[in-house]
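For reference, the structure discussed in these notes is given below.
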Amino acid sequence: MAKTVKLDPLELEVSIQTNDNILSALLKNELNVLKECGGRGMCSTCHVYITGGMESLSPLNRREQRTLEVITTANKYSRLACQARVVGQGVVVEVPSGMYVSEIDNIEDLIGRRAEADILHPLTGQVLVEAGKLITRSMITKLEDTKVQVTEYLSKTTDA
């Protein structure tokens, strides 16, 4: 039986099958969700806040709990969209704003521009560059280093 998930602040309602994850609701609306770890619950790129209907979701598993513990913006309403399965009605999801460093094609092009949205770390969700801040060469070096570290981390976890 289909369940309805509300996406805030987009004011969209999405119908998904019972036991589908929240990520499927986000992807149905072609939202920019990276799925950096391939939906394995190991990164923060599908981190969302549940503002209603937490009891209508599957319980946290150990992997999701461990990942949420390192996400700097996580709170008691946090879930990973790839891990949270919808089992009941009334789920309301707040989609955080921001841009992940790994979705930036050419980081060098950002020098001297202001960040249009927060630039976030793909594994921890930490804000690397705040929205509106001027992007400097030293920030670019940090972003490039982060991109390399994330790629190495995810390749290690894929091989394991």
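The values are calculated or read from the model by the stated rules, or taken from the named source; none is laboratory data. These figures come from a predicted structure and were not determined experimentally. Cβ atoms come from the backbone with ideal geometry, glycine included; neighbour counts cover every protein chain shown. Note: areas computed on protein heavy atoms with side chains; ligands, DNA, RNA excluded. Shrake-Rupley method; radii C 1.70, N 1.55, O 1.52, S 1.80 Å.
Of note:
- Residues that are at pLDDT 95 or above, among the polar types (S, T, N, Q) and touching a Gly at 6+ places or on another chain (Cβ under 7 Å) do not occur anywhere in segment 57-75.
- Residue-level check: of (1) modelled with pLDDT under 75; (2) in a helix (DSSP H, G or I); (3) in contact with a strand residue (DSSP E or B) (Cβ under 7 Å, 6 or more places away or on another chain), residue 102 misses just (3).
- Which listed residue, of 128, 154, 123, is at pLDDT 70 or above and either open to solvent by less than 50 Å² (accessible area, probe 1.4 Å) or in a helix (DSSP H, G or I) (or both): 128
- Number of the condition not met by residue 67 [criteria: (1) farther than 13 Å from residue 85 by Cβ; (2) part of a loop (DSSP other than H, G, I, E, B)]: (2)
- Strands (runs of 3 or more DSSP E) completely within segment 1-53 that count 1 or more residues being open to solvent by 60 Å² or more (accessible area, probe 1.4 Å) and touching a residue at least 40 places away in the same chain (Cβ under 8 Å): 2-8, 47-52
- Some residue of segment 62-74 being over 30 Å from residue 152 (Cβ atoms) and open to solvent by 10 Å² or more (accessible area, probe 1.4 Å): no
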